[in-house]
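Please read the structure below before turning to the comments.
The values are calculated or read from the model by the stated rules, or taken from the named source; none is laboratory data. Since the structure is predicted, the reported quantities are computational estimates derived from the model, not experimental observations. When we count neighbours, we look across all protein chains shown, and the Cβ atoms used for this are built from the backbone with ideal geometry, even at glycine.
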């Protein structure tokens with residue numbers, strides 16, 4: 001619900017170009033909320049999925065690549081470089097960029113800022 005609320009708020013400001021970066025938190029939670037995650041980003045121009053932050057959990061079969069495949073406008077980005085490269089191609093002046101996740105996805109922000117200047 002928090003993701004959907006954030007996306008909805010962003011879309012209310014700029015309907016045409018909201019880009020989200022999402023790092024799911026734990027395999028268990030991702031499996032449990034898989035369908036909700038695929039719907040939470042409706043309306044986004046693009047959703048970049050980083051790998052799941054495991055928090056010491058072992059993989060259970062669900063992946064960020066699966067989420068990207070099942071999400072409208074989803075794109076799997078296996079590493080920071082692929083996220084930055086995708087943003088370099090996608091982002092236009094005035095776009096809203098959301099960085100969402102409970103893991104360590106905040107590490108990408110300085111890299112994004114460096115490229116955007």
**Request:** Could you figure out which of (1) buried (at least 17 other Cβ atoms within 10 Å of the Cβ); (2) assigned to a helix (DSSP H, G or I) isn't true of residue 98?
**Result:** (2)
**Message:** If I filter the range 8-24 for residues that are closer than 24 Å to residue 114 by Cβ, loosely packed, with under 14 Cβ neighbours inside 10 Å and more than 14 Å from the chain's Cα centre (by Cα), do I get at least one hit?
**Reply:** yes
**Asked** Going through the range 45-72 one residue at a time, which ones are surrounded by fewer than 17 Cβ atoms within 10 Å (Cβ to Cβ) and either under 13 Å from the mean Cα position of the chain (by Cα) or on the phi < 0 side of the Ramachandran plot (or both)?
**Response** 51, 54, 57, 58, 59, 60, 65, 69, 70, 72
**Fill in**
Within the range 73-95, residues being in contact with a helix residue (DSSP H, G or I) (Cβ under 8 Å, 6 or more places away or on another chain), at pLDDT below 95 and either part of a loop (DSSP other than H, G, I, E, B) or surrounded by 12 or more Cβ atoms within 10 Å (Cβ to Cβ) (or both) number 1
**Test result for residue 58, over 19 Å from residue 1 (Cβ atoms), at pLDDT 95 or above and in contact with a helix residue (DSSP H, G or I) (Cβ under 7 Å, 6 or more places away or on another chain)** = no
**Prompt:** Do any residues in the range 28-44 that are on the phi > 0 side of the Ramachandran plot and at pLDDT below 95 have Cβ atoms under 7 Å from those of residues that are surrounded by fewer than 18 Cβ atoms within 10 Å (Cβ to Cβ) and part of a helix (DSSP H, G or I), where the two are at least six apart or on different chains, and which pairs are they?
**Reply:** none
